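In what follows, a structure is listed as structure tokens, so that the remarks can point back to it.
The values are calculated or read from the model by the stated rules, or taken from the named source; none is laboratory data. Owing to the predicted nature of the structure, the values given are computational and were not obtained by experimental measurement. Every residue, glycine as well, gets a Cβ built from its backbone with ideal geometry; the counts of neighbours run over all protein chains shown. All accessible areas refer to the heavy atoms of the entire protein, side chains included, with ligands and DNA or RNA removed. Shrake-Rupley method; radii C 1.70, N 1.55, O 1.52, S 1.80 Å.
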Amino acid sequence: MFQMSKLYHNFHHTKNSVFSFVFLLPLFLLLLLACNGFSVFYINLSVPAKTSPEPANLLPEILPGDKPAKKLSSSSVMYAVKEENPSLNLKTHLSLLQKPNISMVSKPKKQPHRFSPQTLKALQLRTTKTAKGFTFSTKLRAFFQNSNCKLRFFMTWISSLHSLNHRELLVIESVFKSNPKACLVIVSTSLDSPKGNAVLKPFLNMGFNLITVSPDFGSIFKHTYAETWFNRLKTGNINPGEVSLGQNLSNLLRLVLLYKYGGVYIDTDVVVLKSFNNLSNVIGAQSMNIETKTWSRLNNAVLIFDKHHPLLYKFIQEFALTFDGNKWGHNGPYLVSRVVGRVTNRPEFNFTVLPPPAFYPVDWSRIRSLFRGPNNRIQSDWLRRKLEQIRRQSYTVHLWNRQSKDVRVEEGSIVHHIISDCCIFCNISTSSL
């Protein structure tokens with residue numbers, strides 16, 4: 001009996017334990033689930049503090065020049081999740097995403113360029129009239145018609161009358177010595193004056209066809225690309241730069257004069273040695289590439305072209321579109337070199353590039369050697385051979401005034417012989433050159 005009672009008691013205790021376990025199991029599961037949920041919730045809260053606040057769909061597009069991001073594999077994505085990213089400044093980052101308020105950004109208004117008094121004087125526009133009321137173009141047309149010119153030469157003189165010296169007068173003499181039937185037009189304000197006419201009167205007394213005309217840029221540049229460029233310059237919308245504006249106006253003026261009238265342009269430091277009657281549509285190389293035997297740079301100190309030649313049109317267009325007043329030569333020798341380099345071998349451009357000996361037998365860096373006389377037999381032989389070569393191959397000699405204006409002409413030098421060959425009045429002292 002006692003055994004039965006003990007067995008019953010154990011069974012009842014086991015039953016109560018089972019019921020208790022069954023009753024407490026859901027509570028335990030709920031408690032476990034709550035702990036797990038709290039852990040997950042805590043991890044999710046910590047992620048934004050260590051990652052970029054920028055959503056994936058707001059990443060900036062790849063800009064030109066940027067390298068596209070490499071596509072990540074699944075393993076690399078897993079690694080990226082584990083890696084801690086540096087925290088970003090939210091304010092700075094959002095500023096990259098926000099669209100700027102364009103209406104509040106005021107772009108500074110471009111101010112017209114202010115010219116110096118000297119520049120304003122050079123740009124003064126007046127219709128140049130003679131006593132009979134002729135304008136620049138009518139005066140030139142009348143001159144050409146009455147002179148029966150066989151060849152037209154143009155020169156420009158942008159300096160004062162006081163700056164004109166014997167070297168420039170020798171150049172004028174050389175033009176008529178080699179081309180006596182030619183007409184010479186000197187575009188210059190200072191020479192187109194009573195004092196200027198007095199300086200040049202000896203040429204007129206000799207019967208040479210010579211005229212000086214003040215430049216009327218508005219009239220000369222009309223109906224060309226130069227007109228638009230000049231109008232922008234006058235209104236201050238083009239910066240003339242550090243290079244002399246007079247020099248750049250001369251670079252443009254020579255192109256337009258030849259385009260409208262045709263003929264020959266020469267600088268005032270280019271001595272003419274031969275007749276130009278057989279030259280047409282020609283430009284000269286200043287230097288050559290010895291290996292390729294092609295020109296490496298052209299120059300605009302001597303230009304010979306027909307009226308309305310397409311290459312002149314391209315030169316003027318290039319000047320107007322690429323003008324830079326801060327680079328010496330950019331609107332002159334380098335300009336003609338750029339354009340010719342682009343149009344070479346195109347049949348519609350009919351012109352010839354002559355080698356350096358034709359117009360530039362001596363480079364600017366060696367021009368002083370032509371002014372020196374011989375000190376010994378070796379130098380004497382060299383000077384004799386060089387002079388013979390120039391007389392045989394060259395149409396002109398560029399004296400490069402920029403480098404040689406202060407050099408004295410020595411007795412027996414090449415320049416001394418050239419003066420004797422090219423002078424008309426021959427009353428110029430070599431020391432004055």
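Residues that are open to solvent by 10 Å² or more (accessible area, probe 1.4 Å) and touching a Ser or Thr at 6+ places or on another chain (Cβ under 9 Å): which strands (runs of 3 or more DSSP E) entirely in the range 238-336 hold 1 or more of them? Strands (runs of 3 or more DSSP E) meeting the threshold: 282-289, 294-305.
Residues in the range 369-415 that are of a type in the set (Phe, Trp, Tyr) and in contact with a Ser or Thr (Cβ under 8 Å, 6 or more places away or on another chain): how many? Qualifying residue count, the range 369-415: 1.
Among the criteria (1) of a type in the set (Phe, Trp, Tyr); (2) open to solvent by 70 Å² or more (accessible area, probe 1.4 Å); (3) not in a helix (DSSP H, G or I), the one Phe349 does not fulfil is (2).
Tell me which residues, restricted to the range 167-197, are in a helix (DSSP H, G or I), within 19 Å of Cys423 (Cα to Cα) and modelled with pLDDT of 95 or more.
Answer for the range 167-197, where residues must be in a helix (DSSP H, G or I), within 19 Å of Cys423 (Cα to Cα) and modelled with pLDDT of 95 or more: Glu168, Leu169, Leu170, Val171, Ile172, Glu173, Ser174, Val175, Phe176, Lys177, Ser178.
The requirement of being open to solvent by less than 10 Å² (accessible area, probe 1.4 Å) and touching a Lys or Arg at 6+ places or on another chain (Cβ under 9 Å) is not satisfied by Ala226. With respect to the conditions (1) farther than 27 Å from Gly207 by Cα; (2) assigned to a helix (DSSP H, G or I); (3) of a type outside the set (D, E, K, R), Ile419 lacks only one, and its number is (1).
Of the listed requirements (1) at negative phi; (2) out of contact with any strand residue (DSSP E or B) (no Cβ under 9 Å at 6 or more places or on another chain); (3) open to solvent by 20 Å² or more (accessible area, probe 1.4 Å); (4) assigned to a loop (DSSP other than H, G, I, E, B), Arg342 misses just one: (4).
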